[in-house]
1. For residues that are touching a residue at least 24 places away in the same chain (Cβ under 8 Å) and not in a helix (DSSP H, G or I), tally how many sit in region 14-53.
2. Kindly indicate whether R72 is exposed (fewer than 13 other Cβ atoms within 10 Å of the Cβ), among the basic types (K, R) and modelled with pLDDT under 75.
3. Which members of region 13-50 meet the condition of being more than 27 Å from D3 (Cα to Cα) and of a type in the set (A, V, I, L, M)?
4. Being surrounded by fewer than 14 Cβ atoms within 10 Å (Cβ to Cβ), at pLDDT below 95 and of a type in the set (A, V, I, L, M, F, W, C): is that true of L16 here?
Amino acid sequence: MFDRSMSWVAITTLILVLVTIMVSMDFAFRWVFFATIFGQTCLIIMVLQVLKADHHSEKTFDDFYEDHPIGRYQ
């Protein structure tokens, strides 16, 4: 299930972790600011890609959690 939307999740996560590392290493404010703006832009794109992804499931809210279903039993 690794599609385009999941690659955006990985890219956005890496960018925002990079921002955290840059802040902890006391990078110049300019670089942290631009990385944060870039990360927020990627976050918006990521959300749009995930919402528009063509993913179908037969699970419902009655199934509760996938690892511990309390709804239908096979």
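The values are calculated or read from the model by the stated rules, or taken from the named source; none is laboratory data. No experiment lies behind these values; they were computed from the predicted model shown. All Cβ positions, glycine included, derive from the backbone under ideal geometry; neighbour counts span all protein chains shown.
1. Result for region 14-53: 1.
2. Criteria met by R72.
3. I21, M22, V23, M25, A28, V32 - these are the residues of region 13-50 that are more than 27 Å from D3 (Cα to Cα) and of a type in the set (A, V, I, L, M).
4. Criteria not met by L16.
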